[in-house]
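K.L.:
Okay, here's the structure, questions in a sec.
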Amino acid sequence: MNKKYLPLLLFFSVCLIWGTTWIAMEMAVATIPPILATGLRFLIAAPILIFIAYKLKQPLLFPKPQQKWMLLVAICYFAIPFTLMIFGEQYISSGLAAIIFANMPIAVMVVSALFLNLRLSVHQVVGLLIAVISLCSILMNEMKIGGEDYLIGSLALGGAVIMHALTYVMIQKHCKNIKVFTYNALPCLIAAICLLATSALVETPNIHSFTVESISSVLYLGVIAGVGGVAAYFKLNEISSPFTASICFLLFPIVALTLSSFLSSHTVSKASILAMLPLLGGILLTKTEKTFWLKRFKVKKSPALSWEK
């Protein structure tokens, strides 16, 4: 393959995989309890990730000074957030779940500002406000339709986003330069073991009710999303700019909404779809480099705001 088309292929692969992940979770949790479904997902992905790490000669363990962070990644990056995601999809549509999770760059930016003293330019603050107001508008509109169930689902997805962002920022601060498959392989296996043990204690799955559709969805989440999505996204980050990779967060909700409208019994309202435009615009604004605006408007200096813990 011509290497100049590789970034484009990876970009669309990530958007497609991330977009289809949400409908797969919705289908999986239809008959498989959320903790068990997430544990099986990671149990399927872990051996493949470990094998790839071995073939690429990437260590399975974090470097010694950072090994204590492996359990944090397993529990707070994999086990709890992914369980909250699939749990939430019992109450809200896969499309709305994708919209909420698309705010991950916003959450990471806010957490970085609070804990890493990241300086935010004025245009980033404006983008942040636009995105937050738009998201609140979407959630309020959907809750009027779905009631208390939508509140439960939205809170679960919001909790997943916050926990993901906090863990990501802490790992960036304390565990820089850890290889991609080192970061994913063993933590994924640890998460699987913890989740399956928890499921055995608190869930009572009816194996006879499992459908081909739900089992296939778990396999898809383990192999395609859990391995293919990880490999494609990190490779995209490696060979293109972080800005290009972050655009995936703008497109995968559109894929999820499209699939939800065709394959799911419930989807978001037209008003919420319209509110996505300023939401995605706000996210894009936060990811745009300051130099972009300096060149466009020929401004010598752009003021910045900073928050300290």
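The values are calculated or read from the model by the stated rules, or taken from the named source; none is laboratory data. Predicted model only: the values in this text are computed from it and were never measured. Backbone-built Cβ (ideal geometry, glycine too); neighbour counts: all protein chains shown. With ligands, DNA and RNA removed, areas are computed over all heavy atoms of the protein, side chains included. Shrake-Rupley method; radii C 1.70, N 1.55, O 1.52, S 1.80 Å.
K.L.:
Where in the stretch 3-76 are the helices (runs of 4 or more DSSP H), entirely inside, with at least 1 residues that are open to solvent by 10 Å² or more (accessible area, probe 1.4 Å) and within 16 Å of residue 189 (Cβ to Cβ)?
P.N.:
On the way: elements: 6-28, 34-55, 69-72.
By residue number, 34-55, 69-72.
K.L.:
Right, here's the next one. Give me a count of the residues in the stretch 171-211 that are modelled with pLDDT under 90 and open to solvent by 50 Å² or more (accessible area, probe 1.4 Å).
P.N.:
Of the residues in the stretch 171-211, the ones modelled with pLDDT under 90 are 171-180.
Next cut, open to solvent by 50 Å² or more (accessible area, probe 1.4 Å) only: 172-174, 176-177, 179.
Here the count works out to 6.
K.L.:
Tell me yes or no: at least one residue of the stretch 258-269 is of a type in the set (S, T, N, Q), modelled with pLDDT of 70 or more, surrounded by fewer than 17 Cβ atoms within 10 Å (Cβ to Cβ) and not in a helix (DSSP H, G or I). Full working, then the answer.
P.N.:
To start, the set of residues in the stretch 258-269 that are of a type in the set (S, T, N, Q) comprises 258, 260-261, 264-265, 267, 269.
Remaining after also requiring modelled with pLDDT of 70 or more: 258, 260-261, 269.
Now narrow it down to the ones that are surrounded by fewer than 17 Cβ atoms within 10 Å (Cβ to Cβ): 258, 261, 269.
Filter once more, so that each one left must be not in a helix (DSSP H, G or I): 269.
The answer is yes; a qualifying residue exists.
K.L.:
For the stretch 101-125, name all the residues that are within 19 Å of residue 257 (Cβ to Cβ) and surrounded by fewer than 23 Cβ atoms within 10 Å (Cβ to Cβ).
P.N.:
104, 105, listed by residue number.
K.L.:
Scan the stretch 83-95 residue by residue and report those that are under 14 Å from the mean Cα position of the chain (by Cα) and open to solvent by 10 Å² or more (accessible area, probe 1.4 Å).
P.N.:
Once the filter is applied, which keeps residues that are under 14 Å from the mean Cα position of the chain (by Cα) and open to solvent by 10 Å² or more (accessible area, probe 1.4 Å), the stretch 83-95 yields 83, 84.
K.L.:
Another one. How many of the residues in the stretch 155-170 are buried (at least 23 other Cβ atoms within 10 Å of the Cβ) and either in contact with a strand residue (DSSP E or B) (Cβ under 9 Å, 6 or more places away or on another chain) or closer than 17 Å to residue 90 by Cβ (or both)? Give the steps one after another, and end with the answer.
P.N.:
Within the stretch 155-170, the first condition is being buried (at least 23 other Cβ atoms within 10 Å of the Cβ), and the residues that meet it are 156-157, 160, 164.
Among the residues that remain, those that are also either in contact with a strand residue (DSSP E or B) (Cβ under 9 Å, 6 or more places away or on another chain) or closer than 17 Å to residue 90 by Cβ (or both) are: 156-157, 160.
Selection size over the stretch 155-170: 3.
K.L.:
OK, next. Do we have any residue at all in the stretch 139-146 that's of a type in the set (Val, Ile, Thr), part of a helix (DSSP H, G or I) and buried (at least 18 other Cβ atoms within 10 Å of the Cβ)?
P.N.:
First, the residues of the stretch 139-146 that are of a type in the set (Val, Ile, Thr): 145.
Next, only the ones that are part of a helix (DSSP H, G or I) stay: 145.
Pick out the ones that are also buried (at least 18 other Cβ atoms within 10 Å of the Cβ) and you get none.
No, every residue in the stretch 139-146 fails to be of a type in the set (Val, Ile, Thr), part of a helix (DSSP H, G or I) and buried (at least 18 other Cβ atoms within 10 Å of the Cβ).
K.L.:
Quick check, is residue 165 at pLDDT 95 or above and either under 17 Å from residue 82 (Cα atoms) or not in a helix (DSSP H, G or I) (or both)? Break it down stepwise before answering.
P.N.:
Details: at pLDDT 95 or above: no; either under 17 Å from residue 82 (Cα atoms) or not in a helix (DSSP H, G or I) (or both): yes.
Considered against the rule, which asks whether it is at pLDDT 95 or above and either under 17 Å from residue 82 (Cα atoms) or not in a helix (DSSP H, G or I) (or both), residue 165 comes out as no.
K.L.:
Surrounded by 13 or more Cβ atoms within 10 Å (Cβ to Cβ), part of a helix (DSSP H, G or I), at pLDDT 80 or above and out of contact with any Asp or Glu (no Cβ under 6 Å at 6 or more places or on another chain), is that true of residue 251? Don't jump to the end; show me each part of the working.
P.N.:
Details: surrounded by 13 or more Cβ atoms within 10 Å (Cβ to Cβ): yes; part of a helix (DSSP H, G or I): yes; at pLDDT 80 or above: yes; out of contact with any Asp or Glu (no Cβ under 6 Å at 6 or more places or on another chain): yes.
Judged against the criteria, residue 251 is a match.
K.L.:
When you look at residue 80, is it of a type in the set (A, V, I, L, M, F, W, C), crowded, with 19+ Cβ neighbours inside 10 Å and not in a helix (DSSP H, G or I), yes or no?
P.N.:
Details: of a type in the set (A, V, I, L, M, F, W, C): yes; crowded, with 19+ Cβ neighbours inside 10 Å: yes; not in a helix (DSSP H, G or I): no.
When the stated conditions are applied, residue 80 does not pass them.
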